[in-house]
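Single-structure report; data block below.
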Amino acid sequence: MTLIKSISGIRGTIGGKPGDGLSPLDVVKFTTAYAMFIREKSGKEHVKIVVGRDARISGKMVSSLVVSTLSAMGCNVVDIGMATTPTTEIAVPEEKADGGIILTASHNPKQWNALKLLNEKGEFLNAVEGKEILDIAERENFTFADVENLGRVIKKDYTQFHIAEVLKLVLVDQSKIKAARFKVAVDAVNSVGGIIVPQLLRALGVKKIVEINCEPSGHFAHKPEPITENLKDVAARVKAEKVDVCFVVDPDVDRLVILNEDGTMFNEEYTLVAVSDYVLSKTPGNTVSNLSSTRALREVTEKYGQSYAAAAVGEVNVVEKMKETSAVIGGEGNGGVIYPASHYGRDSLVGIALFLTLMAEKKIKCSELRATYPDYFMSKNKIELTPDIDVDSILLQMKEKYSAEKVNDIDGVKIDFTQSWVHLRKSNTEPIIRIYTEAKTAEEAENLAQKIITEIKEIANI
């Protein structure tokens, strides 16, 4: 059993003893703390909270606990049922709600679930707010509403509203997509993407749709993280079906991965690159991604004479940097597209609509589109250290060792070389240093990683 309490929410495996796994008592405890935080922040006695969930097996049970707890705290609840993370995010401001809770463990396996917490804008809470909720939960000084002041619960479905909002975007061209007569596959890994993505495609004018794992049962057909090694069967199906493109989403539909017409990976890092290319061709402006994302975005941005900025890892950090730099597009290299013209949250539906418009406009195959972007390859590694080793000291020494290079230390240490980079980050929960490298070839990326690993081991005397 695992329970992880962090500033971004609470997640864990279902079952076990309270405090060991995500038990009903833990769900109630942290939902109550969130309700107290929102009530104090808003200054209202009766706040309104939107609740949405993905399709995982425990979703209905956890949702019942969360909705009932909020009502017991005197909060009015808009229960939007099975909905994507971005759907829940856009529902919060539309409902003029004071916050929202998304019940999803994102790409984690089926035994996991989580409470992801939103503010009144439908955006994730920042680190300070997250810590405050953890402190409230720790104190457990809870007072529930009496029978006359229980919160009301109403149910709504925001699926069609979300689709309509995507269709309204100026850069989404339904007529071009319809005229292109695309045949599109979608793998929704048996979660809420299976409900909304095929509907979006039909609304965009796509008539030939191959639905893969679109039954929202919560019994994931493959490991839910949309990475190459988990998509081999999907890739074979894509090639056999002779589709033009395949869109793969994770269980809560905030990550978008694309497969080419021949079953090869477009590469999750390049989802944001391609969508940004299209947006920048129509709307000049700045871009943002996190420090561990591909350099290709910077190159595409500078091609249009615009500025790129890097943020610390984490969606809330990317959003903050996007607002600071007035970015017109941004996101994360894991396939997360954030388009402010829609809302400040990773949204696969927005990504799909913009990508299809780009394909329709270019009139080239998906693999040919990928070939138009600069090639970079990543290597992702980690070093496990003993608890007595000072990780911060190691990172500082690495920063000093490479001080002649371009170094960014807002989130660990990122060292930019002429044709490559390395990003070193420590884990918040374990004595681990994560080592991400990127270079022009896979071999160069791996060699750089091994070089850095050797240097760190020398510093740490291991």
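Values computed for the structure shown
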read-out	value
FRET efficiency for His46 and Ile410, using Cβ-Cβ distance with R0 set to 60 Å, rounded to 0.05	0.90
Karplus-derived HN-Hα couplings along the stretch 211-225 (A = 6.51, B = -1.76, C = 1.60, θ = phi - 60°), whole Hz, x at Gly and Pro	8, 10, 6, 9, 6, x, 8, x, 8, 4, 5, 8, 3, x, 6
Dipole moment magnitude, nearest 20 debye, the stretch 3-157 about Cα centre, only Lys, Arg, Asp, Glu C-beta charged	420
Relative contact order (%) - criterion: Cα under 8 Å, at least six apart; region: the chain	11
Computed FRET value (nearest 0.05) for Lys440 with Ser64, which takes r as the C-beta separation and R₀ as 51 Å	0.50
Segment Lys232-Glu361, length gained on full extension (0.36 nm per residue, minus Cα span)	43.5 nm
Total formal charge among the other residues, if their Cβ is under 14 angstrom from that of Leu65, Lys/Arg +1 and Asp/Glu -1	+1
At R0 = 30 Å, FRET efficiency that the Cβ-Cβ distance of Phe417 and Thr264 yields, to 0.05	0.60
3J(HN,Hα) from dihedral phi, the stretch 199-210, Karplus parametrisation 6.51/-1.76/1.60, rounded to Hz, x for glycine, proline	5, 4, 4, 5, 5, 7, x, 7, 9, 9, 10, 9
Rounded to whole Hz, the Karplus (6.51, -1.76, 1.60) HN-Hα couplings of the stretch 68-82, x for glycine and proline	5, 5, 4, 4, 5, 8, x, 8, 7, 10, 10, 8, 9, x, 6
10 °C / 1.306 mPa s Stokes-Einstein diffusion coefficient of the stretch 377-460, Kirkwood radius on C-alpha pairs, µm²/s	125
Sites matching trypsin sites (Lys or Arg not before Pro) across the stretch 160-267 that sit in DSSP coil, with at most 12 neighbouring C-beta atoms within 10 Å	Arg181, Lys207, Lys242
Residue range of the chain that is longest and free of chymotrypsin sites (Phe, Trp or Tyr not before Pro) which are both DSSP loop and sparsely packed (at most 14 other C-beta within 10 Å)	145-416
Cut-off under 5 Å, modelled amide H: who pairs with Glu261 long-range	Cys366, Ser367
The stretch 3-157, relative contact order in percent, only Cα pairs under 8 angstrom and at least six apart counted	32
Pairwise label distance in nanometres, Gln160 with Thr283, each label 7 Å out on the Cα-Cβ vector	2.7
Structure-derived Cα extents along the principal axes in Å - corresponding label in [x] 71, 55, 33; [y] 75, 65, 35; [z] 65, 62, 39	[z]
Cβ-based charge dipole, the chain, positive-most Cα from Ala353, Ile10, Asn461	Ala353
Simple Cβ-charge dipole of the chain, Lys/Arg +1 and Asp/Glu -1, about Cα centre, in debye nearest 20	1280
For the chain, calculated [θ]222 nm from helices alone, where every DSSP H run of n ≥ 4 adds -39500 (n - 2.57)	-12000 deg cm²/dmol
Mean Cα-pair separation over length for the stretch 278-411, i.e. relative contact order, pairs under 8 Å, 6 or more apart, %	21
Spin-label zone in the stretch 228-251 - amide nitrogen under 15 Å from a point set 7 Å from the Cα of Asp375 along the C-beta vector	none
Furthest towards positive pole of dipole, Gly74, Tyr436, Ile177, structure part the chain, Cβ charges	Ile177
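Read the figures in this text as sums done on the coordinates, not as results from a lab. In this text, all values refer to a predicted model and were calculated from it rather than measured experimentally. Every residue, glycine as well, gets a Cβ built from its backbone with ideal geometry; the counts of neighbours run over all protein chains shown.
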